[in-house]
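Heads up: the structure comes next, in structure tokens.
The values are calculated or read from the model by the stated rules, or taken from the named source; none is laboratory data. Being a predicted model, the structure only gives us computed values, none of them experimental. With ideal geometry, Cβ positions are generated from the backbone for all residues, glycine too; neighbour counts draw on all protein chains shown. Ligands, DNA and RNA are stripped out before the accessible areas are found, and what is left, the full protein with its side chains, is counted by its heavy atoms. Shrake-Rupley method; radii C 1.70, N 1.55, O 1.52, S 1.80 Å.
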Amino acid sequence: MKVKKSGLLCVILWLTIGMVNPIMALDSTSIKNTIKQALSEGVSADSGLVLANEAYINSSQLGLLKFKSKALSIIGYYQWQKGERGKAIEAYLESIAIDEARESKKSMAYSTTCVGGIYYELQKFDLAEKYYLKAASLYSEFEDYTMVAQAESNLAAIYDSQNKREQTLETYFRCLEAFKKVGNDMYLGITHNNIAGTFHDLDKESYQDSAYAHYQHALAIFQKLDSKEELAVTYLGIAEVFDAMGRPTEAVDNFKWSHDIFTKIEALDWLVYANKIGVELYRKQGDFEKALEYYEEYKTLEDSLKDLDLQERVHELEVKYETEQNEAQIAKQDLELLKQRTELSQKNVIGIGLIVGILLVAVVAVVVYLRYRDKNASNKIITHQKLALEKHNIKMVDSINYAKNIQTAILPSSDYFKESLADSFILYQPKDIVSGDFYWVHNIEDTDLVAFSLADCTGHGVPGALMSMLGSSLLNEIVKNDGIYEPDKVLGELRRRLLMSIADSIDDEKIYDGMDIGFCILNKSTNELTFSGAYHSLYILTNKPDHYTDSLQFFSAISKHEDDENTQLFEVKGDTQPIGKYAIDSDLKYTSVKLKINTGDMLYMFSDGYVDQFGGPKNRKFMLQPFKKELLNIYKHPTQQQNMHLTELMSRWIEQGERPQMDDMAIIGVRV
């Protein structure tokens, strides 16, 4: 028996030594070299994957989590490069799990950013946003503010792709602060350009001033850096803004500067885009000769780029074929070597596995029992938590419904609105239970004057509703209690009191808390109207345009019915200054416009939720021009019929599209 026992110990010792020696030969240095080789310049995706997989297997055997995570991130990178996004995500997520266990936030942040990037390419924006937010949080923890700003830029791109303009702007403004903190002027300028472009893309003409201001910031930065391409991009953006403002001469000047720089630096892609803009600018001016000149240049450049692209692709295919022939043999050898190492390791593991197996069976049995016991306990906890969550949700919805009752009580009743403005309608359609839009009316005692207003507050839902209730209460104080009846002074006072009310609860970065608002005073005896707007317009619909001949200077736009030239829409544009905290020209005062309205004409004020709603068979925005066309068609109808028409039209528009209601909607119509 002693001899047999001694013999067994020798066998075990021999198996153990046989397993350890080959593995220890694969030390961290060799794995590190394999990873370095996988990341070498010129390595193809297939060869890189072979090397990364080898590093992954070897680091797993040695329990080197740092190298295992690194190998997984390289596998994810090459899978992403090959277009195998699902496998790439799996590799990155496994890397993230390892980094989370070893509390390596830098490595985890990198992989998290990559997962966000893949989901962005797949247009799964909710998941992309989740991972970019996580990446930004991780970068913040170890104070890498440059990468925080990069993550914020990625988030802004997501919001922009979803047409969430408000979130896009808020995110870009956070990027500005981050790039200022790290002193990165180049990205600071690019972010100003992104903000300007977002303002320009908004449908309201009043936002063009903000776009121009940010382009000016970018221009100053790029002139200082002498960055030719970015300068040209900025000039081109300014040209588009001046075009939207109706300032064609300045638009053309900036286009020329942009075109000259792009030509000098041979930025062909940008020249193609610039020439398209040049064609439109000259076409609008009626200079068809110049428009044709830039169109011909545009077509020539576009064809040249296609030829270049084709040549590059042919060359790439030739190089790829030659490279793959060479690398195929190398890859085959690498795989054979990896196979041999793996088989050797597996043989060694079998010996130890036979000895450890019995112990594992016992351990598994214990674990199964403990998990069974814990699962029962966990199920009870989960059930309890689910019930608690359901109760919490019920309470929350009840609270929001109660807030709706408060908001409804603050808004003027339909009877009071009718008493104040007899022939009128209100279309009021919150996105959620409560609304960020509000309307307001007040009969001024012992006079024939009636004041009425419509406002679109920041956001929707509960935050928007809180701002709307504050705005409505402040209007009551200013007009009813303090007797201020001049619309420009009302808006100025509203802005001052709003800033005082929220000054203690916001910081300087939160610059969009506030509202766009239109405010009117109408003398019902004389039909004299005084209007002031903060990023808000008033539409006047009439079939007697000659009545307004002496007031044309007050109208920013005039639209005509396609079948009846006498039926016209006059737009009175408000000031380019919202009510609230704002970064540009905060001392600007509001102005008033005084008009005598023709009897029977219609007045309209509206929030942008209606015209910005996506829908229809092509799933696009409703837009201002179709809205104006509808008003020109229906303004002679009874007001309640107009309300029904606009409500049903939007309902059909949303049903035909792919998105639910995106924002609060409110329209006031008043027949004088």
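Values as computed for the structure displayed
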{"quantity": "Top-ranked residue in the stretch 437-471 [being within 18 Å of Tyr535 (Cβ to Cβ) and small (Gly, Ala, Ser); ranked as most open to solvent (accessible area, probe 1.4 Å)]", "calculated": "Gly459"}
{"quantity": "Output for the stretch 426-464, where each listed residue is at positive phi and not small (Gly, Ala, Ser)", "calculated": "Asp446"}
{"quantity": "Scope the stretch 648-672; condition closer than 18 Å to Gln162 by Cα and outside any loop (DSSP other than H, G, I, E, B); matching residues", "calculated": "Ile654"}
{"quantity": "Residue, least open to solvent (accessible area, probe 1.4 Å), within the stretch 111-137, restricted to residues that are over 18 Å from Lys87 (Cβ atoms) and among the aromatic types (Phe, Trp, Tyr)", "calculated": "Tyr132"}
{"quantity": "Residue in the stretch 408-415 that is open to solvent by less than 40 Å² (accessible area, probe 1.4 Å), at pLDDT 85 or above and more than 24 Å from Glu528 (Cα to Cα) present", "calculated": "yes"}
{"quantity": "Matching residues, the stretch 455-487, being hydrophobic (A, V, I, L, M, F, W, C) and not in a helix (DSSP H, G or I)", "calculated": "Ala455, Cys457, Ile484"}
{"quantity": "Hits in the stretch 612-643 (condition: hydrophobic (A, V, I, L, M, F, W, C) and touching a Lys or Arg at 6+ places or on another chain (Cβ under 7 Å))", "calculated": "Phe614"}
{"quantity": "Answer from Ser559, Ser532 - the residue that is crowded, with 22+ Cβ neighbours inside 10 Å and in contact with a Leu (Cβ under 6 Å, 6 or more places away or on another chain)", "calculated": "Ser532"}
{"quantity": "Boolean, Gln577 is buried (at least 20 other Cβ atoms within 10 Å of the Cβ) and either of a type in the set (D, E, K, R) or part of a helix (DSSP H, G or I) (or both)", "calculated": "no"}
{"quantity": "Residues (open to solvent by 20 Å² or more (accessible area, probe 1.4 Å) and under 28 Å from Ala455 (Cα atoms)) located in the stretch 535-544", "calculated": "Ser537, Asn543"}
{"quantity": "Lone qualifier among Ser107, Ser73 - being assigned to a helix (DSSP H, G or I), touching an Asp or Glu at 6+ places or on another chain (Cβ under 8 Å) and surrounded by 18 or more Cβ atoms within 10 Å (Cβ to Cβ)", "calculated": "Ser107"}
{"quantity": "Residue within the stretch 494-515 that is within 21 Å of Ile444 (Cβ to Cβ), at pLDDT below 95 and basic (Lys, Arg) present", "calculated": "yes"}
{"quantity": "Unmet requirement for Leu538, which otherwise passes all of (1) modelled with pLDDT of 95 or more; (2) in contact with a helix residue (DSSP H, G or I) (Cβ under 7 Å, 6 or more places away or on another chain)", "calculated": "(2)"}
{"quantity": "Ser435 being at pLDDT 85 or above and under 22 Å from the mean Cα position of the chain (by Cα)", "calculated": "yes"}
